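Asks: After the structure tokens below, expect a handful of questions from me.
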Amino acid sequence: MCGIIAYTGKQTAMPVLLDGLKRLEYRGYDSTGISIISRKRIKTVKAAGKLNVLESKIDTPITGHCGIGHTRWATHGAPTDENAHPHVDSAKRFAVVHNGIIENVDALKAILGDDITYTSETDSEVIAHLLAQHEGDFIDAVRDVLAQIIGTYGLAVIDQQNPDQIVVARNGSPVILGIGDGEMLAASDMSALSRYTNQVIHLDDGELALIEPESFKVVRMDATLAHKEAITLSNQAANYDRGGHPHYLYKEIVDQPETAQQTINGRLDERFSTARLGGLNLSARDLIGIKRITILGCGSALYAGMAGASMIESLARIPVVAEPAAEFRYRNPVIEQDSLYIVVSQSGETFDSLAALREVQRKGGFVLGIVNSVGSTIAREVDGGIYMHAGPEVSVASTKAYTSMLTAFALLALLLGRSRDVSPQLGTSIINELKALPENISKVLTLETDIAKVADRYKNSHSAFFIGRTNGLPIALEGAQKLKEISYIHAEAYPASELKHGPLALVTEETPCIVILPDDDLLPKTISSMEEIKARSGPVIAVTSSDSKRIDKLAEAVLRVPASGPLTQPILMGVVLQLLAYHSAVSLGRDVDQPRNLAKSVTVE
Ligand code: F6R
């Protein structure tokens, strides 16, 4: 999604802005631009395409110490040079970068009148023209204009007449201030700030900030001052490095033994054979009072939620459903006092997940977050939660965060199970299972060569099926999602039991079927589904923790994960499917880290 970087301070702004844009690239974008106050004038360069196109348009470096930059992911208007941000008013006094959507753009254009010549098709350009019609203080002018806007924004504005100052504002789209030494930054995402500072302030909706090299102030839309505390982030910059790996996605896959360990660290309570999750803000009495759980998320976070639902329901015997956050909030959901709601999100900024969270809270429901991004909006607004501690995830396709979501759910299932009927003996065995998880993920990573061979063999397939049952189904869904999003091979996931109710019609010798076979009670039934596929000449790739010889007989390839307990075997199988998608994408020459049409952190509806 769109990204913002803003800089004012002792350094020349241009390299800082370009570096910031580079770090925002991972969010997905189709045009870029920068505006810098240089020799008392605003200089703007913008370009459709990737950052190198913008760089090639800058013949001589732009001087100046204050500027803004943007990566745009087209919503209103095609990705063209004109539609790229920043946008300026006719006199080029103000330059604006904007993330979000202005819903009343037509009404605002009517207010501006017919004399304005618009240079783009974007909604954002009106902000610059509206500012040009305001007299007075810079921040007050921005506040007055924002008061007229219906919609969402994260934005940054520079003013030729206040050459050291930047005004940023937030309503529904993140803005973070970075406090440096003799310099101040602002960005839509920590990744753009991490090289310059670890002292950050998250703006809340309805707040604006005026930043100058040595100072900043945050005000609300009613002009009252907001007191904000900076938070210190640890070891951020290293996490944005590819560490010598060919892709961020690969790094994030192979880092998983460590990142899963980070999710578990300090959370196993061996004395009481349970999990220690201090951030839930739920007493033991609250825990036993929970009658139902609804898990909400989007995309891979939703599939992680489905896996979590299965873990919690089977262990704690609480009815749990997982639903797409956007659908949930629009169907006027019934919120119950004895239900627990859980929002799952890597970024903590996904618009639909945040909106669902607010809808539940508005109706009096208690919401936990399972979130990766520290200090993100969802993390700040939930009533309690579990941080994944997986470190920043840069590649658009989620891998390590997804695995940490499942790991966090396993911890929660253990806690809820032990607050009910799970015995200390079973609790201890789950603790041992969780302790073994990082090592078992390392063992799965040793299957890489075999997985790459399978990927290479089937890379030219037009379509693939992923099937599984109960615990295996959410893993199949995520496996299909990963394959389609990064390799562009069409993939569908089905409950294995549903195959003969329709999709079997599509199975031919050209359709690889990836079958998820945890070593559980349903194993014989899933093996029967393999037989059905085999009978239609469909190639079967088995991902299993079972040593059944029948599987070897029926499958073209068997990818065997280490034997482990019921909570973690789906996690291990998920890692196999990540590597399968990765190697399929690489062998097809895809842009693995920035797949087409996709964006990281979807901050619009
Ligand atoms: C897929 C993927 C997306 C995200 C989804 C939710 O690989 O990354 O489907 O899972 O957009 O994002 P978060 O977890 O940030 O809320």
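The values are calculated or read from the model by the stated rules, or taken from the named source; none is laboratory data. Since we're looking at a predicted model, the values are computed, not measured. In this analysis, Cβ positions are derived from the backbone assuming ideal geometry, glycine residues included, and neighbour counts consider all displayed protein chains. Ligands, DNA and RNA are excluded from the accessible area calculation, which covers all protein heavy atoms including side chains. Shrake-Rupley method; radii C 1.70, N 1.55, O 1.52, S 1.80 Å.
Asks: For Glu349, state whether it is among the charged types (D, E, K, R) and more than 13 Å from the ligand (Cβ to nearest atom).
Replies: No; evaluated as a whole, the condition is false for this residue.
Asks: Could you please find all residues in region 303-317 being hydrophobic (A, V, I, L, M, F, W, C) and touching a Lys or Arg at 6+ places or on another chain (Cβ under 7 Å)? Can you show your working first?
Replies: As a first pass, look at region 303-317 and keep what is hydrophobic (A, V, I, L, M, F, W, C): 304, 306-307, 309, 311-312, 315-316.
Residue satisfying the conditions is Ala316 alone.
Asks: Report, ordered by the first and then the second residue, all pairs with beta carbons closer than 6 Å, sequence separation of six or more or different chains, a first member in region 289-311 that is more than 15 Å from Leu416 (Cα to Cα) and open to solvent by 30 Å² or more (accessible area, probe 1.4 Å), and a second member that is not hydrophobic (A, V, I, L, M, F, W, C) and not in a strand (DSSP E or B).
Replies: Short answer, once both residue conditions are applied: Cys298/Thr350; Cys298/Asp352; Cys298/Ser353; Tyr303/Pro474; Tyr303/Glu478; Met306/Pro474.
Asks: I'm told Ile370 meets every condition in (1) in contact with a Lys or Arg (Cβ under 8 Å, 6 or more places away or on another chain); (2) within 13 Å of the ligand (Cβ to nearest atom); (3) not hydroxyl-bearing (Ser, Thr, Tyr) except one. Can you identify the failing condition by its number?
Replies: (1)
Asks: Write out, first by first residue and then by second, each pair whose Cβ atoms fall under 6 Å of each other, whose residues are 6+ apart or on separate chains, and whose first residue, in region 423-452, is open to solvent by less than 60 Å² (accessible area, probe 1.4 Å) while the second is of a type in the set (Asp, Glu) and part of a loop (DSSP other than H, G, I, E, B).
Replies: Close Cβ pairs (under 6 Å, with a partner that is of a type in the set (Asp, Glu) and part of a loop (DSSP other than H, G, I, E, B)) do not exist here.
Asks: Given the conditions (1) away from the ligand (no atom under 14 Å from the Cβ); (2) within 19 Å of the chain's Cα centre (by Cα); (3) not aromatic (Phe, Trp, Tyr), and given that Gly305 satisfies all but one, which numbered condition is not satisfied?
Replies: The single condition Gly305 does not satisfy is (1).
Asks: Residues that are acidic (Asp, Glu), in contact with a helix residue (DSSP H, G or I) (Cβ under 9 Å, 6 or more places away or on another chain) and surrounded by 20 or more Cβ atoms within 10 Å (Cβ to Cβ): does region 156-163 have at least one?
Replies: Going residue by residue through region 156-163, those that are acidic (Asp, Glu) are 159.
So of that shortlist, the ones also in contact with a helix residue (DSSP H, G or I) (Cβ under 9 Å, 6 or more places away or on another chain) come out as 159.
Right, trim to surrounded by 20 or more Cβ atoms within 10 Å (Cβ to Cβ) and you get 159.
Yes, the conditions are met somewhere in region 156-163.
Asks: Let me ask you something else. Output the number of the condition that Phe466 fails; it satisfies all remaining conditions of (1) assigned to a helix (DSSP H, G or I); (2) out of contact with any Leu (no Cβ under 6 Å at 6 or more places or on another chain); (3) touching a residue at least 24 places away in the same chain (Cβ under 8 Å).
Replies: Phe466 satisfies every listed condition except (1).
Asks: Same structure, new question: Restricted to region 316-345, and to residues that are buried (at least 21 other Cβ atoms within 10 Å of the Cβ) and within 25 Å of Gln578 (Cβ to Cβ), which residue is nearest to the ligand (Cβ to nearest atom)?
Replies: Among them, the one singled out is Ser345.
Asks: Further, regarding this structure: Of the residues Leu567, Leu572, Leu577, Leu588, only one is in contact (Cβ under 8 Å) with a residue 40 or more places away in the chain, of a type outside the set (Val, Ile, Thr) and surrounded by fewer than 21 Cβ atoms within 10 Å (Cβ to Cβ); which? Steps first, please.
Replies: Details: Leu567 fails: surrounded by fewer than 21 Cβ atoms within 10 Å (Cβ to Cβ); Leu572 fails: surrounded by fewer than 21 Cβ atoms within 10 Å (Cβ to Cβ); Leu577 fails: surrounded by fewer than 21 Cβ atoms within 10 Å (Cβ to Cβ).
Exactly one of Leu567, Leu572, Leu577, Leu588 is in contact (Cβ under 8 Å) with a residue 40 or more places away in the chain, of a type outside the set (Val, Ile, Thr) and surrounded by fewer than 21 Cβ atoms within 10 Å (Cβ to Cβ), namely Leu588.
Asks: Same structure, new question: Is region 237-258 home to any residue that is open to solvent by 50 Å² or more (accessible area, probe 1.4 Å) and at pLDDT 95 or above?
Replies: Yes: region 237-258 contains one or more residues that are open to solvent by 50 Å² or more (accessible area, probe 1.4 Å) and at pLDDT 95 or above.
Asks: Being assigned to a loop (DSSP other than H, G, I, E, B) and either of a type in the set (Phe, Trp, Tyr) or closer than 18 Å to Ala186 by Cβ (or both) narrows it down to one residue among Gly33, Gly20, Gly64, Gly77; which is it?
Replies: Among Gly33, Gly20, Gly64, Gly77, only Gly64 is assigned to a loop (DSSP other than H, G, I, E, B) and either of a type in the set (Phe, Trp, Tyr) or closer than 18 Å to Ala186 by Cβ (or both).
Asks: Which fully enclosed strands (runs of 3 or more DSSP E) of region 290-375 have 3 or more residues being hydroxyl-bearing (Ser, Thr, Tyr)?
Replies: Fully inside region 290-375 and qualifying: 339-345.
Asks: Could I ask something else about it? Taking only region 455-484 into account, find how many residues are open to solvent by less than 10 Å² (accessible area, probe 1.4 Å) and away from the ligand (no atom under 16 Å from the Cβ).
Replies: Number satisfying all stated conditions: 6.
Asks: Ok, one more. What about Asp286, is it among the charged types (D, E, K, R) and either away from the ligand (no atom under 16 Å from the Cβ) or open to solvent by less than 10 Å² (accessible area, probe 1.4 Å) (or both)?
Replies: yes
Asks: Further question: Has region 534-541 got at least one residue that is in contact with a helix residue (DSSP H, G or I) (Cβ under 6 Å, 6 or more places away or on another chain) and within 30 Å of Asp352 (Cβ to Cβ)?
Replies: No: zero hits.
Asks: How about region 373-413: which of its residues are of a type in the set (Asp, Glu) and either free of Cβ contacts under 8 Å to residues at least 40 places away in the same chain or more than 10 Å from the ligand (Cβ to nearest atom) (or both)?
Replies: Across region 373-413, the qualifying residues are Glu381, Asp383.
Asks: Can you pull out the helices (runs of 4 or more DSSP H) entirely within region 511-605 that have at least 2 residues that are within 16 Å of the ligand (Cβ to nearest atom)?
Replies: Correct list: 569-587.
Asks: All but one of (1) within 29 Å of the chain's Cα centre (by Cα); (2) open to solvent by less than 10 Å² (accessible area, probe 1.4 Å) hold for Ala493; state the number of the condition that does not hold.
Replies: (2)
Asks: So Gly299 ticks every box in (1) modelled with pLDDT under 95; (2) at positive phi; (3) within 16 Å of the ligand (Cβ to nearest atom) but one. Which box is left unticked?
Replies: Looking at each condition in turn, Gly299 falls short on (1).
Asks: Looking at (1) away from the ligand (no atom under 16 Å from the Cβ); (2) crowded, with 17+ Cβ neighbours inside 10 Å, find the lone condition where Ser487 falls short.
Replies: Every listed condition holds for Ser487 apart from (1).
Asks: Let me ask something else. Tell me which residues, restricted to region 479-510, are within 19 Å of His583 (Cβ to Cβ) and either β-branched (Val, Ile, Thr) or touching a Gly at 6+ places or on another chain (Cβ under 6 Å) (or both).
Replies: If the condition is that a residue be within 19 Å of His583 (Cβ to Cβ) and either β-branched (Val, Ile, Thr) or touching a Gly at 6+ places or on another chain (Cβ under 6 Å) (or both), then Ile486, Ile489 are the ones that fit.
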